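A.B. asks: Submitted below is the structure of interest, expressed as structure tokens.
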Number of protein chains: 2
Amino acid sequence: MKTKDYQKGLHILAELSSENLSRLTDAAPFIQYVQEQIIKNGLSQLGDVQHNFDGGGFTAVVCLTESHLSVHTWPEYGIVTTDVYLSNFMKDNQDACRNLYKAIRDFFEAEEINVQEVWR
Amino acid sequence: MKTKDYQKGLHILAELSSENLSRLTDAAPFIQYVQEQIIKNGLSQLGDVQHNFDGGGFTAVVCLTESHLSVHTWPEYGIVTTDVYLSNFMKDNQDACRNLYKAIRDFFEAEEINVQEVWR
């Protein structure tokens, strides 16, 4: 096997601050929005899991042919953690990865607390 | 909102090398195994998405009350990328996070190429 030939993907990890509470408390509008962004960026969705916590935030994970993205919200702290991981197997997806991350950030009208890019 | 009071969670990101091809090509045994590990570590599953690629590897994402874990396999390169992210909202889950990661590594009988811990 040719471990050395593996083409690393870009994984963006971010912690965001948002005061838009309505965006932090219901997974459904986020999923609808992010599905549009997935299509817009030429990616394809395999499935998703979403869950609204009682009186709290939500968790949403979308599995993509190109890997996955996740969002975990903490309205009690005004915090969103998100990660977007896209492989570069079939084509270079690093622009799509950054676009998708920025679209998520914009959905929450969020400020960036911390963002890091990991190639893996 | 009290952004400063947010308790960061541990996110482990790893790239693994495995020669056990049967483990890299079917999501179902992995999901069954990891569900047992989730219970063993006192965590709770919300749902999962799994997909076997034609003639290739698989992608599996498990959404947890405590955040999520993912696995993407590349049998053609003998590579597995995995991440395990557990919040510390209700209790300190860092031991569970490391245990779960090690259980995933052991499932694939894998060598570690790169492992990093990110607090977020």
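Every read-out reported here was derived from the displayed coordinates using simple, explicitly stated rules and does not represent laboratory data. Everything numeric in this text was worked out from a predicted model, so none of it was measured. Here the Cβ is made from the backbone with ideal geometry for all residues, glycine too, and neighbour counts use every protein chain on show.
A.B. asks: For the subset of region A:1-17 comprising residues that are without any contact (Cβ under 8 Å) to a residue 24 or more places away in the chain and at the interface with chain B (Cβ under 7 Å from one of its Cβ atoms), which member is surrounded by the most Cβ atoms within 10 Å (Cβ to Cβ)? Step through it out loud before you land on a result.
C.D. replies: Initial filter on region A:1-17 (without any contact (Cβ under 8 Å) to a residue 24 or more places away in the chain): A:1-6.
Next, only the ones that are at the interface with chain B (Cβ under 7 Å from one of its Cβ atoms) stay: A:1-3, A:5-6.
Numbers: A:1: 16, A:2: 9, A:3: 15, A:5: 10, A:6: 21.
This residue is A:6.
A.B. asks: Identify all residues within region B:58-109 that are closer than 20 Å to residue A:3 by Cβ and of a type in the set (A, V, I, L, M); write none if there are none.
C.D. replies: Selection gives B:71, B:79, B:80, B:104.
A.B. asks: Please enumerate the residues belonging to region B:62-106 that are over 30 Å from residue A:90 (Cβ atoms), touching a Gly at 6+ places or on another chain (Cβ under 7 Å) and at the interface with another protein chain (Cβ under 9 Å from one of its Cβ atoms).
C.D. replies: Selection gives B:87 alone.
A.B. asks: Condition first: within 18 Å of residue B:119 (Cα to Cα) and either without any contact (Cβ under 8 Å) to a residue 60 or more places away in the chain or part of a strand (DSSP E or B) (or both). Can you find one or more residues in region A:99-112 that meet it?
C.D. replies: First pass over region A:99-112, keeping only residues within 18 Å of residue B:119 (Cα to Cα): A:112.
Now narrow it down to the ones that are either without any contact (Cβ under 8 Å) to a residue 60 or more places away in the chain or part of a strand (DSSP E or B) (or both): A:112.
Within region A:99-112 (the criterion being within 18 Å of residue B:119 (Cα to Cα) and either without any contact (Cβ under 8 Å) to a residue 60 or more places away in the chain or part of a strand (DSSP E or B) (or both)), the answer is yes, since at least one residue qualifies.
A.B. asks: On to the next question. Filter region A:36-58 down to the residues that are of a type in the set (Gly, Ala, Ser), touching a residue at least 12 places away in the same chain (Cβ under 8 Å) and more than 10 Å from every other protein chain (Cβ to nearest Cβ), then identify the one that is nearest to residue B:70 (Cα to Cα).
C.D. replies: Step one: of region A:36-58, the residues of a type in the set (Gly, Ala, Ser) are A:42, A:44, A:47, A:55-57.
Now restrict to residues that are touching a residue at least 12 places away in the same chain (Cβ under 8 Å): A:42, A:44, A:47, A:56-57.
Applying the additional criterion that residues be more than 10 Å from every other protein chain (Cβ to nearest Cβ) yields A:42, A:44.
Working: A:42: 22, A:44: 17 Å.
Looking at the filtered set, the residue picked out is A:44.
A.B. asks: Can you name the residue in region B:18-50 that is of a type in the set (Asp, Glu) and under 21 Å from residue B:98 (Cα atoms) and, of all such residues, is surrounded by the most Cβ atoms within 10 Å (Cβ to Cβ)? So that I can check it myself, show each step before the final result.
C.D. replies: Here is the first cut: in region B:18-50, the ones of a type in the set (Asp, Glu) are B:19, B:26, B:36, B:48.
Next cut, under 21 Å from residue B:98 (Cα atoms) only: B:36, B:48.
Working: B:36: 11, B:48: 22.
The qualifying residue surrounded by the most Cβ atoms within 10 Å (Cβ to Cβ) is B:48.
A.B. asks: Going residue by residue through region A:61-70, is there one that turns out to be of a type in the set (Ser, Thr, Tyr), under 23 Å from residue B:115 (Cα atoms) and out of contact with any helix residue (DSSP H, G or I) (no Cβ under 8 Å at 6 or more places or on another chain)?
C.D. replies: Yes, the conditions are met somewhere in region A:61-70.
A.B. asks: Where residues in region A:107-120 are within 11 Å of chain B (Cβ to nearest Cβ) and touching a Lys or Arg at 6+ places or on another chain (Cβ under 6 Å), which of them is surrounded by the most Cβ atoms within 10 Å (Cβ to Cβ)?
C.D. replies: Here the answer is A:120.
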